[in-house]
Amino acid sequence: MHARKLLPAICVLFLACISAQAQFFATWQDRVTATQAEQPHWVTPLMTVTPRLEQEFRFDVLRELMPSGDTLVNLGGSKGLELIPSHNIELIVTAPPGYLLHHNPKLKDGFADESFLLKYRAASGNEEHGNYIVTFFLSGSVPTGTYRNGSTDAIVTPTVAAGKGFGRFDVQSTLGVALPVANVRNLGHAVAWNTAMQIHVRRFFWPELEINSTFNEGGVNDGKKQTFLTPGLLFGRVPLHGRMGLTFGAGMQIAATHFHTYDHNLVLSARLPF
């Protein structure tokens, strides 16, 4: 075919692709808006995974004081891209995994394990219809960490999460158990119970207090429990453009039990909901 006759056909195909892409994203965002309208409009806590369905990109920075006296900095905090591909469903993928910086010459810096999380919202009501939510999680991690900056084996963690609002005050809580797919004798099972209590002050401020507990069954820490108290302050959701917004916050995890694998964990979090 002569080039002059082929060029209009290419232009028509190109415009059709752009139109189809625009329609796809418009339909996607309409579905996200409708899905989130059916749930409470709280802010996601610093450490506790919210039972709400969110669509955002999140990046955290953690600075932990280790028992040796050295510090560990986690760039990314195992957070990443959060999408709502279908009604009542959210998928979270760490992209990329967190990068660990050891202030210890005996340890090598490197990436942590790749992980994912799937949420299914079983029931919810927005502020005009009960102000509550119940969601089931299924998360997993793959041992892709470099230089032993991760687990020796894959881990699957089923979790149940719920939240209830009372005016400007809300409580969000999760309960999950880590199930290694192999090497159970050494890894054991860790039961994690996290609860966040927040109050909405003025338009953007969300002071909070979290209680983060882990109960170890089996493995090298068999029978040991650690609990952290995490006061924090979140600021959001600040509108930027259209659905795009900005949420950020900071807090400090403080060990409240004699046994703890780290202490005084400074948490910085930035999110771009869209």
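The values are calculated or read from the model by the stated rules, or taken from the named source; none is laboratory data. Since the structure is predicted, the reported quantities are computational estimates derived from the model, not experimental observations. Every residue, glycine as well, gets a Cβ built from its backbone with ideal geometry; the counts of neighbours run over all protein chains shown. With ligands, DNA and RNA removed, areas are computed over all heavy atoms of the protein, side chains included. Shrake-Rupley method; radii C 1.70, N 1.55, O 1.52, S 1.80 Å.
If I take R0 = 30 Å and measure r between the Cβ atoms of residue 108 and residue 183 in this structure, what FRET efficiency does the formula 1/(1 + (r/R0)^6) give, to the nearest 0.05? Efficiency computed from Cβ-Cβ geometry: 0.90.
Here the gap between residue 147 and residue 225, fully extended at 0.36 nm per residue and compared with their Cα-Cα distance, gives a gain of 25.4 nm. Inter-label distance, residue 203 to residue 191: 4.5 nm, where each label sits 7 Å from its Cα along the C-beta direction. Gyration tensor analysis over the Cα atoms of the chain returns equivalent ellipsoid semi-axes of 36, 26, 18 Å (largest first, whole Å).
Converting phi to 3J(HN,Hα) with the Karplus coefficients 6.51, -1.76 and 1.60 and the offset θ = phi - 60°, the stretch 227-243 yields 10, 10, 9, 10, x, x, 9, 10, 10, x, 8, 8, x, 10, 7, x, 7 Hz in sequence order, with x at every glycine or proline.
Of all lysines in the structure, those lying under 23 Å Cα to Cα from residue 79, and not within fewer than 8 positions of it along the same chain, are 108, 119. Angle, helix 3-37 long axis vs. longest principal axis of the chain, Cα atoms, 0 to 90°, nearest 10? Tilt relative to the chain: about 40 degrees. With R₀ set to 22 Å, the beta-carbon distance separating residue 217 from residue 263 gives a calculated FRET efficiency near 0.45.
For the stretch 38-194, which whole percent of the accessible surface, found with a 1.4 angstrom probe, sits on carbon and sulfur atoms? Mind dumping the intermediate values first?
Numbers: 4930 of 7520 Å².
Result for the stretch 38-194: 66 percent of the exposed heavy-atom area is carbon or sulfur.
Around the amide H of residue 256, modelled in the peptide plane, lie the amide H atoms of 227, 228, 229, all under 5 Å away and 5 or more residues distant in sequence or on another chain. For the pair residue 29 and residue 168 in one chain, pulling the backbone fully straight at 0.36 nm per residue adds 47.3 nm over the alpha carbon distance. Taking each residue as 0.36 nm, the span from residue 68 to residue 244 lengthens on full extension beyond its C-alpha to C-alpha distance by 59.2 nm.
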